[in-house]
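Below is one structure, written out as structure tokens; comments come after it.
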Amino acid sequence: MTTALTDRDILRELEPTAERLLNDHLRKAKSWNPHDYVPWDDGRNFAALGGIDWEPGQSALSEVAQTAMITNLLTEDNLPSYHREISEAFSLDGVWGTWVGRWTAEENRHAIVMRDYLVVTRAVDPVLLEQARMAHMTTGFATPGEEERLLHSVAYVTLQELATRISHRNTGAACGEPVAERMLQRVAADENLHMIFYRNISAAALDLVPNEALRAITSVVTRFQMPGLTQPNFRRNAVLLAKHGIYDLRQHLDVVVRPVLRAWHVFERDDLTGDGERAREELHAYLEDLEIRARRFEEQRERAAARQAERAAAAG
């Protein structure tokens, strides 16, 4: 179909697909309880209730693990903004509203379990964590791109859900603590199912309006930023996490962007014309540039690690 369709038209056309995907999601999604993933025996009162307040020596996590946990939790905290964005893009009518409600409820468990874990185990400063939450949620989040909002939003959340899944799994491994790793594997499993829903909606949109969808995909991929961008110290923390392999350019390219584009058959499609074909050419050029930047970052990281090892050997 090549005639211009509004977002409302696209939603109507994709509703049977959304219903099928929602039913498939409900069959695959496993019910779980946040309280089952928190070591409550490790908890004790803070000063307000006669205990002692947090101090750095109470944390069993490394600096990298603490930073990753805080970054991931603050990202999950911004759920009200994400709910607003996705409900405005999808609407709250019919199957779309059912999905938005279900997705929001599932996502809310992530912040609940992560915060409970961090506070109970005293892994991070709870006062600074609360201050960062207030600042981040006050700023909020908006999906980049106002035109073709539906197509932009669904392409963005496809990439974002997959990126978040990877970040959670790598953070769990970095914690070096089995309870945290089990908890974040559970959260990551949710993110993967959410990604599948959005990825398949995007695939159906590509079949319906290929040129418009490819323009939106190219815009999202070439301008992609993680949803935690507006949280305090995000850029500095992102550099630290990239250096330690929590989420870096290579992972973004090879584990997020390229697999999703392959699933959408972006570079095999024969139904693009005009600005859709030009968008694909722009996307191809961007991926080549991203490959160069990812390789350069890896080389810099290897050189830095070698220098650090040399200094450690000299000191020893």
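Quick look at the values:
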read-out: Mean residue ellipticity (222 nm) of the chain, computed from DSSP H runs ≥ 4 via -39,500 (n - 2.57), nearest 500; value: -24000 deg cm²/dmol
read-out: Under 12 Å, Cβ to Cβ, from E268 - net charge with Lys/Arg +1 and Asp/Glu -1; value: +1
read-out: Förster radius 51 Å - calculated FRET efficiency between R236 and E268 (Cβ-Cβ, nearest 0.05); value: 0.80
read-out: Span-rule helices in the chain, defined as complete DSSP H runs reaching 27 Å or more along the axis (Cα) with Kyte mean at least -1.0; value: 94-120, 149-175, 178-208
read-out: Proximal charge balance of Q308 [Cβ under 12 Å; K/R count +1, D/E count -1]; value: +3
read-out: Cα gyration tensor, the range 206-263 - rounded (a/c under 1.5), prolate or oblate; value: oblate
read-out: Normalised convex hull volume, the chain, alpha-carbon set, Å³ per residue; value: 140 Å³
read-out: 10 Å Cβ shell holding at most 11 others, DSSP loop, GluC sites (Glu not before Pro): longest site-free stretch of the chain; value: 1-145
read-out: Accessible area in square angstrom per residue, the range 208-308, 1.4 angstrom probe; value: 52 Å²
read-out: Evaluated over the range 140-287, the Cα radius of gyration and Dmax, each in Å; value: 16.1, 53
read-out: Pairwise Cα inverse-distance average, inverted: Kirkwood Rh of the range 8-73 (Å); value: 16.9 Å
read-out: Two-site FRET efficiency, L26 against Q185, from Cβ-Cβ distance with R₀ of 35 Å, rounded to 0.05; value: 0.95
read-out: At R0 = 30 Å, FRET efficiency that the Cβ-Cβ distance of A309 and E288 yields, to 0.05; value: 0.40
read-out: Trypsin sites (Lys or Arg not before Pro) lying in DSSP loop within the range 203-236, provided at most 13 other Cβ fall within 10 Å; value: R223
read-out: Theoretical gain in end-to-end length, E13 to A142 [0.36 nm per residue, Cα-Cα removed]; value: 43.9 nm
read-out: Of all accessible heavy-atom area on the chain, the percent that carbon and sulfur account for (1.4 Å); value: 51 percent
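The values are calculated or read from the model by the stated rules, or taken from the named source; none is laboratory data. Computed from a predicted model, the values in this text were never measured in an experiment. Cβ: placed from backbone, ideal geometry, glycine included. Neighbour counts: every protein chain shown. The area values use the complete protein model at the heavy-atom level, side chains included, leaving out ligands, DNA and RNA. Shrake-Rupley method; radii C 1.70, N 1.55, O 1.52, S 1.80 Å.
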